[in-house]
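Here the structure is laid out as structure tokens; the discussion comes afterwards.
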Amino acid sequence: MRPDSIDEIFRRAKAGKALFIDRKALTPEFVPDHLSFRDGQIQAVAEVLAPVLHGSKPSNLLLYGKTGTGKTAVARYVQAKLGGEAGPNELTVAYVNARIANTEYRTLAELAKFINLPVDKQIPFTGLSIGEVTERIFAAMQAQKRRVILVLDEIDYLVKSFGDSILYEFTRSGERLAPGFLSLVGISNDLKFKDDLDPRVLSSLSEEELVFPPYTVEELREILTDRAQTAFRPGAASQAAINLCAAMAGSEHGDARRAIDLLRIAGEVAEREGLEEIDDTSIRRASDKMEHDRVDEAIRSLPVQNKAVLLAVSRFREGTNTGELYLAYASLCKRFGLETLTQRRVSGILAELDLLGLIEASVVSKGRRGRTKRIQLLISEEALAKTLSEDTTFGK
Ligand SMILES: Nc1ncnc2c1ncn2[C@@H]1O[C@H](COP(=O)(O)OP(=O)(O)OP(=O)(O)O)[C@@H](O)[C@H]1O
Ligand SMILES: [Mg+2]
């Protein structure tokens with residue numbers, strides 16, 4: 001398709017009316033002042049944390065559920081309310097996102113920002129040992145008799161990347177902090193991260209657990225209707241358009257983030273086209289764009305060996321088996337000057353690519369001759385080629 005000329009883009013923008021009045025209402029940063037369908041979870045979290053208001057240590061709490069089910073939104077909502085309720089300044093409700101903080105050190109440094117460390121015990125941007133940072137935080141908390149509720153979002157990222165040693169310190173900090181204390185609210189969209197925890201950490205961290213179920217299509221519809229009223233000019237997002245977004249976003253699991261993104265991007269597509277309102281085509285284009293971006297991002301962030309295996313899979317239009325695939329992989333490694341991993345390691349990589357939805361590796365029976373794996377690319381070859389053409393190893 002030929003790119004639109006700049007004159008054409010501006011002409012359409014002038015002719016069309018703006019569809020958005022407040023686009024921010026559909027961005028990830030927006031905090032809605034009302035969370036529908038989460039009264040139960042809000043109440044449950046509040047009940048676990050409430051003892052803090054009369055000075056007792058709340059149980060640690062683990063919130064989990066699939067992506068886009070409102071875990072972060074609920075935690076932040078309760079945090080804001082609790083901040084408002086609390087009188088004495090010894091109470092601190094800290095929120096740290098471990099994935100955004102990115103390292104153990106930065107996670108602790110973020111926590112330290114919520115506690116007034118003495119001038120000579122501040123946490124520099126880098127340079128101290130984890131033990132020293134933990135010690136400075138604990139010492140200040142104890143001296144200030146500080147009661148801290150730490151909401152640790154995307155806790156699975158921390159555990160997967162660095163293990164559970166700081167969680168171990170946190171869950172065993174009881175006497176060290178008295179009369180202050182530290183209660184943890186961990187949030188994860190990956191249940192399997194529990195397998196990586198030391199049993200003592202696990203039992204302490206999950207004193208209380210709360211599951212967030214996916215939203216139903218009906219619920220997504222209502223959430224979107226709410227947001228659309230703030231975001232769009234009247235008439236720009238019809239009920240039919242909202243219903244389609246809810247249905248498409250809800251087809252995998254009820255992910256509110258995906259639904260909201262879909263509606264926003266559909267609005268942008270429609271506005272660019274100079275339409276008066278969002279139509280089915282804008283929504284389908286928005287969905288294709290999101291899928292394309294997701295795949296692109298997933299491929300880009302793969303380790304080089306995983307890219308090589310993926311590339312090998314793409315050589316077989318009709319799918320292949322493990323043996324054939326391994327030969328193709330080995331020859332690619334030779335060609336691109338990569339180390340050739342063992343068949344066993346390659347099987348592990350295949351399982352990871354399968355989890356990401358980039359390939360499908362299913363076990364098929366070969367009758368009396370046992371079983372083998374059928375491996376097939378799930379994304380378009382063109383998309384893969386395009387993304388890998390910008391890669392430093394495979395670009396050549
Ligand atoms: N009940 C709700 N009402 C209105 N908006 C909601 C509701 N639940 C979630 N949202 C919105 O949907 C988006 C995703 O929600 P949230 O960030 O809380 O998901 P999450 O469960 O933390 O997902 P992840 O595991 O990927 O971090 C946010 O923009 C949030 O404001
Ligand atoms: Mg979240």
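Observations on the model:
- Potential lengthening of the chain between LEU53 and ARG371 amounts to 108.5 nm, from the contour at 0.36 nm per residue minus the alpha-carbon distance.
- Available extension along the chain between THR281 and HIS34 is 85.8 nm, counting 0.36 nm per residue and deducting the alpha carbon span.
- Peptide packing for 136-144, 357-365 was compared via the average number of neighbouring C-beta atoms within 10 Å per residue; ordered from the highest value, the list is 136-144, 357-365.
- Candidate cross-link partners of LYS194 among the lysines, defined by an alpha-carbon separation under 21 Å and a same-chain spacing of 8 or more, comprise LYS66, LYS71, LYS160.
- Under 9 Å, Cβ to Cβ, from LEU61 - net charge with Lys/Arg +1 and Asp/Glu -1: -3
- Per atom type, the range 302-388 shows carbon and sulfur on 49% of its accessible surface, probed at 1.4 Å.
- About its Cα centre, the dipole of the chain is roughly 1020 debye, where the only charges are +1 on Lys and Arg Cβ and -1 on Asp and Glu Cβ.
- ASP120 paired with LYS24, simple spin-label distance in nm, labels 7 Å along Cα-to-beta-carbon: 4.4
- Peptides 209-217, 154-162, ordered by how many other C-beta atoms sit within 10 Å of their residues on average, highest first, read 154-162, 209-217.
- In the chain, a dipole from Cβ-located charges (positive for Lys and Arg, negative for Asp and Glu) runs towards its positive end, and of ALA143, LEU388, TYR168 it is LEU388 whose Cα lies farthest in that direction.
- Simple label model, 7 Å out from Cα along Cβ direction - ARG200 to LYS113, nm: 3.2
- Of the solvent-accessible surface of the range 39-212, computed with a 1.4 Å probe and all protein chains present, 50% belongs to carbon and sulfur.
- From phi via Karplus (6.51, -1.76, 1.60), per-residue ³J(HN,Hα) for the range 295-302 in Hz, x at Gly/Pro: 5, 4, 5, 4, 5, 3, 8, 6
- Burial order of peptide ranges 242-251, 332-341, 313-322, 270-279 (average beta-carbon count within 10 Å, highest first): 242-251, 270-279, 313-322, 332-341
- Assigned charges on the beta-carbon of Lys, Arg, Asp, Glu; the range 300-385 dipole about Cα centre (debye): 420
- Label separation (GLU297 vs ASP7): 3.8 nm, computed from points 7 Å beyond Cα along the C-beta direction.
- Mean residue ellipticity (222 nm) of the chain, computed from DSSP H runs ≥ 4 via -39,500 (n - 2.57), nearest 500: -15500 deg cm²/dmol
- Computed FRET value (nearest 0.05) for ASP288 with ASP190, which takes r as the C-beta separation and R₀ as 22 Å: 0.20
- Cross-link partners for LYS121 among the aspartates and glutamates, with Cα-Cα distance under 12 Å and sequence neighbours closer than 8 places in the same chain left out: GLU132, GLU135.
- Based on protein heavy atoms only, the chain ends up with 53 Å² per residue of surface accessible to a 1.4 Å probe.
- Residues GLU318 and GLU352, FRET efficiency given R0 of 22 Å [Cβ-Cβ distance, rounded to 0.05]: 0.45
- LEU128-ILE100 FRET efficiency (beta carbon distance; Förster radius 22 Å; 0.05 resolution): 0.60
The values are calculated or read from the model by the stated rules, or taken from the named source; none is laboratory data. Predicted model, so just to flag it, every value in this text is computed and none were measured. Glycine also receives a Cβ, built like all others from the backbone with ideal geometry; neighbour counts cover every protein chain displayed. Protein only, heavy atoms only, side chains kept; ligands, DNA and RNA dropped before computing areas. Shrake-Rupley method; radii C 1.70, N 1.55, O 1.52, S 1.80 Å.
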